[in-house]
Amino acid sequence: MPGNKEQTTDACGYSHALDGGYGWVIVLGSFLAHFVIGGFMRSGGVIYIELREKFHDSAANTAWVISLAVTVRMLFGPLASALCNRFSCRTVVMAGGVVLCAGVLISAFAPNLEFLYFSYSFIGGVGRAFIYTPAVVIVALYFERRRGTASGIANAGIGSGTFIAPPVVEILFRDFGFAGAFILLAAFGLQTCVFGALFRPLAAQYRISKRRCVETEIVVTDAISNDVSNGDLDDGDHVENTEPVKNHLRSTLLQNGDELTRSLPNILLARRTEKSFVKTLSSSLVLHGASSELINFSGSVNERLQEHAMSRVSLGSNDSTVKAKKPVLSNSRPKLLDLSLLKNIRFLTFCIGICLYTLSFQASYVFLPPLAIQNGQSHIEAAYVVSSAGALETIGSILSGIILDLPMVKPHRLLIYNIVLFVLGILTVIIPFLRVFGWLLFVCGIYGFLLGSGLAQKATLVVDILGVEHLISSLGLLVCFQGFGVLFGPPISGFLKDHFGVYDQGFYCGGVAMIASGIVQGLGGIIHHQQMRRQRNIC
């Protein structure tokens, strides 16, 4: 159910949501992976101009190079999800970095557009699929309470890539030529192997947490010994009472590491004074290089003592109590791909809506630079228009995560998302009328801000609809629907340009598609609420 809270139980027996610690390193890796993906995707307009100047083909045929690259990335989303289920997000991302580098590298020597359809679009698109989908999935798996914030920060990488990449790519083509620019872009794509190495699997993170907890138990025995030997005991303390505690702990460490789930709280229970103990324990943890979480834990001994004193947990807890605290680890593998998720009306309409959504904004980003040039701006000014949208998209991604995680806002996230779609549709229709560079920058900045707000919360909204247990398969299906939108968006706008001679009609078409996306998803929400009302009436 959507309301289920994903949890794990660490080796000390404490159940907690994955909302911090190494999760923030995961967010950093995802941000950098999104930066690369955003850099390639949002530089499509600059690359489109260079391809037209080099091969002198039609706008529609040239747009297929950019469109197919993003389409393949989306359509191979289910395969990337399946590989994440079978292997790990880290493995898939690092493999994707190698494939992306190979595809872009051979594109440097392309003799025609047809060759680029295979090298840049297909091979490079497969590589991007293997990078993008796991980068979205792993952040949502590591976070629960702060999932919106974490997803927003990670997705801000796309906005950052949009802000930095287009002017840089323009400079690369100008200074290094066609082949040189693609060779440098291939090296840029290869960096995702480094970012993917940060994506530690959850199972590995659990084992590391368990090992650290065992080390902490040993440190605690040293702290007790130091406490006793230093004479930091009140008159009411019984020194002899510490020996059974230490002996029990050491025998448990040797005989059954899984029985450690109660050791630390009971050691704390065995102490009647905390002040000197806390001081010794904290210094010992620092000396042994413990993590900040464990050091902070040592400073809250009083709270732990009170908590466990109330529960009256003793060192002689029976086996059934101990086993109840252990994490339940399932050996069964999840389905590679669960198509039955499309039976959920809200998820189905969300997929259809995001197809139209992607059709609109992908065409807008590809043809925004040529539209600006058509309306009298220079090449570098056209690149700056995309950069301004990217800068505001970064801010929108982060702020949306913070705002949508507020308790009063959480229940209305899907409604807010629908409103954003309608506003984006209106802005898309307005953009072709802007001839002044300043106004174009301003409106495109607002467009980027709202676009980032919507894109950043994709995984969060999917969890709101289906629950975290279906996240991997649902994101694969969702990205596949996005691929269909990307497949037809830029070519349709290119066809309209070839037919009418200007880029304006493509933006009008995109605006209508964006508004239709909001309508479809709104209808899905209405149908869902009617179904829920009927079920309540039956009950």
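The values are calculated or read from the model by the stated rules, or taken from the named source; none is laboratory data. This structure is a prediction, so every number in the text was calculated from the model and none was measured. Glycine gets a Cβ as well: all are built from the backbone with ideal geometry, and neighbour counts include every protein chain shown. Surface accessibility is based on the protein's heavy atoms, side chains included, excluding ligands, DNA and RNA. Shrake-Rupley method; radii C 1.70, N 1.55, O 1.52, S 1.80 Å.
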Legend entry - Among the residues listed as Gly501, Gly425, the single one being in contact with a Gly (Cβ under 8 Å, 6 or more places away or on another chain) and either among the small types (Gly, Ala, Ser) or closer than 15 Å to Leu368 by Cα (or both): Gly425
Legend entry - Residue check, Ser340 surrounded by 14 or more Cβ atoms within 10 Å (Cβ to Cβ), part of a helix (DSSP H, G or I) and at pLDDT below 85: no
Inset, instruction - Can you run down the residue pairs with Cβ atoms below 8 Å, 6 or more apart or on separate chains, where the first is in region 400-421 and touching a residue at least 60 places away in the same chain (Cβ under 8 Å) and open to solvent by less than 20 Å² (accessible area, probe 1.4 Å) and the partner is charged (D, E, K, R) and not in a helix (DSSP H, G or I)? - result: none
Inset, instruction - List the helices (runs of 4 or more DSSP H) that sit entirely inside region 12-121 and contain at least 1 residues that are without any contact (Cβ under 8 Å) to a residue 12 or more places away in the chain and farther than 18 Å from Val139 by Cβ. - result: 44-55, 113-116
Inset, instruction - Restricting attention to region 353-380, report how many residues are over 24 Å from Gly524 (Cα atoms), in a helix (DSSP H, G or I), modelled with pLDDT of 85 or more and open to solvent by 30 Å² or more (accessible area, probe 1.4 Å). - result: 2
Inset, instruction - Give just the number: which of (1) assigned to a helix (DSSP H, G or I); (2) modelled with pLDDT under 90; (3) surrounded by fewer than 24 Cβ atoms within 10 Å (Cβ to Cβ) does Gly157 not satisfy? - result: (3)
Inset, instruction - Return the residue satisfying two criteria in turn: it lies in region 118-141 and is open to solvent by 10 Å² or more (accessible area, probe 1.4 Å) and of a type in the set (Phe, Trp, Tyr), and of such residues it is farthest from Glu393 (Cα to Cα). - result: Phe118
Inset, instruction - Please give the number of the condition Arg147 fails out of (1) under 22 Å from Val468 (Cβ atoms); (2) open to solvent by less than 10 Å² (accessible area, probe 1.4 Å). - result: (2)
Legend entry - Count of residues meeting criterion [modelled with pLDDT of 80 or more and either in contact with a strand residue (DSSP E or B) (Cβ under 7 Å, 6 or more places away or on another chain) or farther than 20 Å from Asp464 by Cβ (or both)] in region 475-491: 6
Legend entry - Number of positions in region 59-98 that are open to solvent by 20 Å² or more (accessible area, probe 1.4 Å) and under 18 Å from Leu184 (Cβ atoms): 1
Inset, instruction - Go through (1) over 19 Å from Thr62 (Cα atoms); (2) aliphatic (A, V, I, L, M); (3) open to solvent by less than 10 Å² (accessible area, probe 1.4 Å) and name the single condition Ala181 misses. - result: (1)
